Amino acid sequence: MSELTVPAGRASGAGLDAAALQQLAGKHQTGYRSVGVMVYDILKDAILTGTLPPGQRLRQETLAESIGVSRLPVRSALIQLEADGLVEFHERRGAVVKSLSADQAREVYGIRTLLEVEALRLSMAEMTPERIARLRELGRTADAEEEGADFVDARTEFYAELYDAAHRPVLWEMIEQLRLKVGRYVLGWRLVGGAEHGHSHEELIAAVEGGDVEHASGVLRSHLERVRDAVLELLVAGEPGATAGAPLRH
């Protein structure tokens, strides 16, 4: 049994953590061709890692000041994040980080299971020893990351390789859109304990290497179900009246 913890100080609708946002922005100051792309990546990472929690009001002037840019790229980034399903606009409140209900999470995981199992089946038909080696490398990298943007990137690279995203970009885009909807509850915080998470990666890779599509599909379904249940626990714990920092058992 692993212990899950709702991060303290991240209650929905709480004041913006400007210091944390500034620290995240500092990591994105180089290597970008445009300010707009940089601001989008900063805000997306802030949402996925919980720096900007569900329900957080997103004031353009405050975000611009914290990141050190004008309001224009912030506005553009928020519109793009709305298209990603991470932000929503309200007539009076303006932009807020989009929240997810338990029913929505169940629906997202139901659709994800259908798409990801199909992506795995298609990918396994063209699997090579070189790709298996790459999956093991990416799996080790993902397991080594504890949380935050690096964990987000490592997991994304692993599943992009697993589902052969380069050759099926439309299917991968659909999967990624659904992953983003629950990403803030999964990618930023390890919902499944470190040892169990690593075992899940290795078990899946071994099943894929063995060429048994049905077995590999079952391993993938089981993993998605475990993470779904952890997400539902976290959603329930985040409801009004729940105690921040309280452990959840999974």
Open item on the list: Show the residue pairs meeting these rules: Cβ distance below 8 Å; 6+ apart or different chains; first residue within region 215-233 and without any contact (Cβ under 8 Å) to a residue 24 or more places away in the chain; second residue among the hydrophobic types (A, V, I, L, M, F, W, C) and not in a helix (DSSP H, G or I).
Closed with: none
Open item on the list: Can you say whether Leu16 is touching a helix residue (DSSP H, G or I) at 6+ places or on another chain (Cβ under 8 Å), assigned to a loop (DSSP other than H, G, I, E, B) and either modelled with pLDDT under 90 or of a type in the set (Ser, Thr, Tyr) (or both), as far as the supplied structure shows?
Closed with: yes
Open item on the list: On the basis of being modelled with pLDDT of 90 or more, of a type in the set (Val, Ile, Thr) and surrounded by fewer than 20 Cβ atoms within 10 Å (Cβ to Cβ), does Val219 make the cut?
Closed with: yes
TODO: For region 48-63, enumerate the residues that are more than 14 Å from Gln23 (Cα to Cα) and assigned to a helix (DSSP H, G or I).
DONE: Leu48, Gln60, Glu61, Thr62
- [ ] Within region 149-172, work out how many residues are at pLDDT 95 or above and acidic (Asp, Glu).
- [x] 2
Open item on the list: Looking at region 69-79, can you tell me whether even one residue there is part of a loop (DSSP other than H, G, I, E, B) and at pLDDT 90 or above?
Closed with: yes
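Quick check on region 68-109: of everything there that is of a type in the set (Gly, Ala, Ser) and over 16 Å from Tyr185 (Cβ atoms), which residue is surrounded by the fewest Cβ atoms within 10 Å (Cβ to Cβ)?
Within region 68-109, the first condition is being of a type in the set (Gly, Ala, Ser), and the residues that meet it are 68, 70, 76-77, 83, 85, 94-95, 99, 101-102, 105.
Next, only the ones that are over 16 Å from Tyr185 (Cβ atoms) stay: 68, 70, 76-77, 83, 94-95.
Working: Gly68: 12, Ser70: 13, Ser76: 15, Ala77: 27, Ala83: 9, Gly94: 12, Ala95: 23.
Only one residue fits best here, namely Ala83.
Quick check on my filter: what residues within region 88-119 are polar (S, T, N, Q) and in a helix (DSSP H, G or I)?
Step one: list which residues in region 88-119 are polar (S, T, N, Q), which gives 99, 101, 104, 113.
Result: Gln104, Thr113.
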- [ ] Would you mention how many residues in region 160-174 are buried (at least 18 other Cβ atoms within 10 Å of the Cβ) and in contact (Cβ under 8 Å) with a residue 40 or more places away in the chain?
- [x] 5
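The values are calculated or read from the model by the stated rules, or taken from the named source; none is laboratory data. The shown structure was predicted, so the numbers you read here are calculated from the model rather than taken from an experiment. A quick note on method: Cβ atoms are made from the backbone with ideal geometry, for glycine too, and the neighbour counts reach across all protein chains shown.
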